[in-house]
1. Can you pull the three principal axis extents for the Cα set of the chain, in Å, largest first?
2. Order 269-282, 33-46 from most to least packed using the mean count of other Cβ atoms within 10 Å.
3. If you take all C-alpha pairs in region 184-277, what percent of them are over 17 Å apart?
4. By a straight-distance test (C-alpha under 18 Å), which lysines pair with LYS448 as possible cross-link partners, with residues fewer than eight away in the same chain excluded?
5. Tell me, what HN-Hα J-couplings in whole Hz come from the Karplus equation 6.51 cos²θ - 1.76 cosθ + 1.60 at θ = phi - 60° for each residue of region 340-356, using x for Gly and Pro?
6. What is the distance in Å between the Cα centres of region 328-353 and region 93-156?
7. Highest mean first, how do 158-167, 345-354 rank when packing is the count of other Cβ atoms within 10 Å averaged over residues?
8. Treating cross-link reach as a plain straight distance, find the lysines whose alpha-carbon is under 18 Å from the alpha-carbon of LYS161, omitting any fewer than eight places away in the same chain.
Amino acid sequence: MSKLRYERPVIKKLETDMPNKFGLRTEYKPMTHIDEVAVKDLAGQYGSPLFVISEETIRRTYNEAKKAFTTRYPKVQFAWSYKTNYLNAVCKVFHQEGSWAEVVSGFEYDKALLNGVPGNKIIFNGPDKNENDLEKAISNNSFIHIDHLDELYTVIELSKKTDKKPRVAIRINMDTGIYPMWDRFGFNYENGQAWDALNKIMRSPTLELVGLHCHIGTFMLSPEAYAAAAYKLADLALGIKKKYDHNIKYIDMGGGFASKNTLKGSYLPGSDINPTFDDFAEAITTALTNSNFEPDQLPTLFLETGRALVDEAGFLIGSVISNKRSSAGKRTTIIDIGVNILFTSFWYDHKITPAQPFTHYAEETTLYGPLCMNIDVVRESVNLPLLNKGDYFVIHHVGAYNMTQWMQFITLRPNVVMIGMDKKPYLIRQSETLEMVTKLESVPEHLKKANL
């Protein structure tokens, strides 16, 4: 018979009324399974830490977003944002659901082609498209979103060498009431830069202007900002129609929708206060339908939503390395997940749930990762039950950006599995090995030997 673990008695106030500055009543439930697969079994088979993607959650979330927009607007097309998560299995789920591809580099463009996306269903964004990238996009009849005049001039030059008319749009930045305003990318609406670029395109006989694009920010909490942007893009589209008798085929509202994560410093959980797909859809589609487009000439609405579609589908299983007390007496727990693989911990307070039963004693805890760096802090302060060495836990809402911005630093990057619709785990990315990390290195001959 194993010895029971001692926990000292404690008196804890339970908040049962409206939330106050101390938050809501704290009541934990272990997360023992992800999509009916035991966390313990996943960690036992694939190791810890371990990223887990829920295919069911991706499909459900995508269809929630699609329904929110298509019930309010007749022509809608989603394009999966590759930079958000470009693991092939994740991308293919979105493509199966009907989403095109939105890419911001030659690397991502080639990845989309390899994933079976036709060139005419790839949106090519970003400020860094070299001539080879642009030639490939032109030959594949992709949508090229021009970011600056140098790129525009390059596309014009390349267009003279082919019998294909490049299908182009411009990215537009604007004042939507959100500050600081994003004006690094594209052409400004207010100071006339956008019209300058549009006039150059319309006067070029070798280009075809097909759309207008904006991406006003990231993790946006104001649907009204999207309404302001949609009104301004509609104004430009109508201005082009009036001046050149040319119809814009689509308006691309970009991405930036907030997921259910909680931003650091937020008073309430993001799942309670962040806007929903319905909120964003209502703001955007109302602005477009209330503009002066002829009923039979409404532009298609493109959406490059990334984070809000995949964040909730991602989980990160980890285990406890040890517990300590700080010099001030605060409980600190060291876990096997560092900021090198959980980059979003710098700006989110991720929800963390124990993966096995526990008692109801809880304590304010700092969660440190395993890296030999003082900034390796996953949560500055989180109220958790006591977790002991070897215990498992689950970090929620990690599907966006962590698997594209992660780094091999001090530790190797872990396995990634996807729980399929059949409730079975599939390995979709293998964990790194020393051989994989050093494969691209070479050592000069005079350094190969050392006498120690």
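We did not get these values from a lab; they are worked out from the coordinates using the rules stated. Owing to the predicted nature of the structure, the values given are computational and were not obtained by experimental measurement. Positions of Cβ are backbone-derived with ideal geometry, glycine not excepted, and every protein chain shown enters the neighbour counts.
1. Its Cα atoms span 84, 71, 44 Å along the three principal axes.
2. Numbers: 269-282: 18.1, 33-46: 16.6.
In descending order of packing, they fall as 269-282, 33-46.
3. 57 percent
4. Excluding near neighbours in sequence, the set is LYS439.
5. Values, residue by residue: 5, 10, 10, 4, 6, 5, 6, 10, 10, 9, 5, 5, 10, 10, x, 10, 8 Hz.
6. The two parts, judged by their Cα centres, are 36 Å apart.
7. Highest-to-lowest ranking by the protection proxy: 345-354, 158-167.
8. LYS129, LYS136
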